[in-house]
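Before any comments, here is the structure.
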């Protein structure tokens with residue numbers, strides 16, 4: 001999968017917001033917040049193809065988290081990204 005063009009991650013203080021940019025995605029009107037680890041993953045894979053396995057490896061390498069917990073968190077993140085329509089397969 002890949003993050004669709006036109007969605008950007010913005011840092012506002014201590015929060016990270018994904019918002020649409022450009023005429024192609026402005027109609028979606030969707031913005032949502034990501035926590036620090038989710039924003040880290042976004043930054044690591046932006047502009048490239050990735051899988052849930054890719055995200056899992058990145059999360060476990062960067063954070064002191066058990067693989068089982070990371071797997072659950074990655075699954076939740078991917079589900080949310082798909083629901084908000086910001087990734088394409």
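Quick notes on this structure:
- The criterion of at least 1 residues that are on the phi < 0 side of the Ramachandran plot, in contact with a strand residue (DSSP E or B) (Cβ under 9 Å, 6 or more places away or on another chain) and in contact (Cβ under 8 Å) with a residue 40 or more places away in the chain is met by the following helices (runs of 4 or more DSSP H) wholly inside the chain: 36-45, 67-83.
- If the condition is being closer than 18 Å to residue 3 by Cβ and surrounded by 12 or more Cβ atoms within 10 Å (Cβ to Cβ), then the stretch 51-61 contributes 51, 52, 54, 55, 56, 57, 58, 59.
- Scanning the stretch 1-33 for residues that are within 23 Å of residue 64 (Cα to Cα), surrounded by 12 or more Cβ atoms within 10 Å (Cβ to Cβ) and at pLDDT below 95 yields a single hit, 15.
The values are calculated or read from the model by the stated rules, or taken from the named source; none is laboratory data. All values reported here derive from a predicted model rather than from experimental measurement. Note that each Cβ is placed from the backbone with ideal geometry, even for glycine, and that neighbours are counted across all protein chains shown.
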